[in-house]
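Student: Got a structure here, written out as structure tokens. Questions coming.
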Amino acid sequence: MIIVVTGMVGIDKKQYLADVCDYARQRGREMLLCNVGDLMYAEAPDITPGRILDISLQRLHSLRRSVIKDIIAKAKEYEHVIVNTHATFRWRHGLFPAFDFFQMRQLNPDMFISMIDGVEPLHLRLMQKHHIQHSLKDLIVWREEEVLATQMMQQGTNENAPCYILSRGVEEPTVEAFYRLAFQSQRKKVYLSFPMTHVAGMDDVLETIAAFRDSMKQQFTCFDPADLEEAYLPYYAEQARSESKPSFEVTALGQRFSLDTEEVRQIEPDINSQIYARDFALIDQADMIISFIPELADGMPALSSGVERELQHAHEAAKQVYVIWMPKKEPSVFVTQTANKIFRSPQKAAAYFEKQYEYKSDRLFE
């Protein structure tokens, strides 16, 4: 198993992938982690750390090819290999690829994973660890470029190898999901659908949604849209603007820091368009969608337009569509006509999943 993992600077993939290797080792699987950047610096000790993109493109490409050549040779000696690299470079030379198809075909990866993370943690890491000048718009663009380039890498190398987008995770790293993608392909891959901005501030409803998310992750390999949540940023920015505040505070990586109000307002269209495209992409790479619709205090369903669009997209993509419908009010035709099955309680859903998908978790809504 050879897995190529890409992602823009600021994700801190090295530590994340080291944790993946530790997680796999605890389960009896040894994985060789090849960090292409570190190997390039090791091969060229004259280059000052953090300055490798300042060298000529000719030397940069030569260094990369030499390192990948060594990885190709080393991969033959190990059963499982992770290659941590970038799909693109963007620096003073402009935007250019960080791979070539000839070597990628020689490596012949079994899987591609494009790691992504939210604007807030990316911004904080770049300020604290990399000291790379950037705007929030840059982060949005770089993230999208890296995902697209990874998909092109896969299509030009081995179009039969799966290619996943995987969030690094907000509350906790998605290490278990990564491991399951790599070694437990028999597990069903599920997109979790539930209202988010629609129920902001409703603590009781949010607790119920959190229980749903946790229970699904006990058995399935889950793509969780809450692992990368940015939709609240424009709301905070608009609130700050109405109060004539030039900045507002957010929390990421356990730290409080400020974001510029106008800068966040400027990227609102980008945030919205990427949420729209990304959620559909996550549905496309899943086997099925499980949508949880809680009940609001007034008895109405907490059903957002986003959830309805996700159900429709999954239905049109011929995915299995399951809905856990908690409100007493009957679901509309737009739900009943897209769902393969509707459950009126989590317990009934759990019983079905146990029978249908060998779902054996006693933690569903304890």
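Student: Of all residues being in contact (Cβ under 8 Å) with a residue 40 or more places away in the chain and in a helix (DSSP H, G or I) in the stretch 179-203, which is surrounded by the fewest Cβ atoms within 10 Å (Cβ to Cβ)? Just the residue, please.
Tutor: Step by step, filter the stretch 179-203, then rank; the result is Thr197.
Student: Which one of these is modelled with pLDDT of 95 or more and either assigned to a helix (DSSP H, G or I) or under 30 Å from Pro246 (Cβ atoms) (or both): Val307, Val335, Val264, Val321?
Tutor: Every option except Val264 fails the conditions.
Student: Restricting the stretch 53-73 to residues that are at pLDDT below 90 and surrounded by 13 or more Cβ atoms within 10 Å (Cβ to Cβ), which is nearest to the chain's Cα centre (by Cα)?
Tutor: Result: Leu53.
Student: Looking only at the stretch 235-247, decide whether some residue is of a type outside the set (Asp, Glu), over 16 Å from Ala349 (Cα atoms), surrounded by 21 or more Cβ atoms within 10 Å (Cβ to Cβ) and touching a strand residue (DSSP E or B) at 6+ places or on another chain (Cβ under 6 Å).
Tutor: Yes: the stretch 235-247 contains one or more residues that are of a type outside the set (Asp, Glu), over 16 Å from Ala349 (Cα atoms), surrounded by 21 or more Cβ atoms within 10 Å (Cβ to Cβ) and touching a strand residue (DSSP E or B) at 6+ places or on another chain (Cβ under 6 Å).
Student: Do the conditions hold for Asp260, that is, is it under 29 Å from Ala286 (Cα atoms) and not aliphatic (A, V, I, L, M)?
Tutor: In short, no.
Student: Can you list residue pairs whose Cβ atoms sit under 7 Å apart, with the first residue in the stretch 275-296 being among the hydroxyl-bearing types (Ser, Thr, Tyr) and the second being part of a loop (DSSP other than H, G, I, E, B) and crowded, with 19+ Cβ neighbours inside 10 Å? Count only pairs 6 or more apart in sequence or on different chains.
Tutor: Final answer for the pair search is Ser291/Phe194.
Student: Right, next: Checking the conditions here, which among Gly94, Gly169, Gly156, Gly118 is crowded, with 20+ Cβ neighbours inside 10 Å, more than 27 Å from Gln320 (Cβ to Cβ) and small (Gly, Ala, Ser)?
Tutor: Gly118
Student: May I ask you to verify whether Asp117 is of a type in the set (Asp, Glu) and touching a residue at least 24 places away in the same chain (Cβ under 8 Å)?
Tutor: Yes: the conditions hold for Asp117.
Student: Is there a residue in the stretch 215-225 that is over 26 Å from Ile3 (Cβ atoms) and more than 15 Å from the chain's Cα centre (by Cα)?
Tutor: Yes, because at least one residue in the stretch 215-225 is over 26 Å from Ile3 (Cβ atoms) and more than 15 Å from the chain's Cα centre (by Cα).
Student: Here is a follow-up. So is Ala211 in contact (Cβ under 8 Å) with a residue 24 or more places away in the chain, surrounded by 15 or more Cβ atoms within 10 Å (Cβ to Cβ), more than 16 Å from the chain's Cα centre (by Cα) and not assigned by TED's automatic domain parsing to the domain that holds Met127 or not?
Tutor: Considered against the rule, which asks whether it is in contact (Cβ under 8 Å) with a residue 24 or more places away in the chain, surrounded by 15 or more Cβ atoms within 10 Å (Cβ to Cβ), more than 16 Å from the chain's Cα centre (by Cα) and not assigned by TED's automatic domain parsing to the domain that holds Met127, Ala211 comes out as yes.
Student: Further, regarding this structure: What single numbered condition from (1) touching a residue at least 60 places away in the same chain (Cβ under 8 Å); (2) touching a helix residue (DSSP H, G or I) at 6+ places or on another chain (Cβ under 6 Å); (3) buried (at least 20 other Cβ atoms within 10 Å of the Cβ) fails to hold for Asp270?
Tutor: It is condition (3) that Asp270 fails.
Results for (1) within 17 Å of Met300 (Cβ to Cβ); (2) among the β-branched types (Val, Ile, Thr); (3) modelled with pLDDT under 85; (4) out of contact with any Leu (no Cβ under 6 Å at 6 or more places or on another chain), shown as yes or no for each residue.
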residue	(1), (2), (3), (4)
Pro327	yes, no, no, yes
Glu330	yes, no, no, yes
Lys341	no, no, no, yes
Pro346	no, no, yes, no
Ala350	no, no, yes, no
Tyr357	no, no, yes, yes
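The values are calculated or read from the model by the stated rules, or taken from the named source; none is laboratory data. In this text the structure is predicted, and so the values were computed from the model without any measurement. Every residue, glycine as well, gets a Cβ built from its backbone with ideal geometry; the counts of neighbours run over all protein chains shown.
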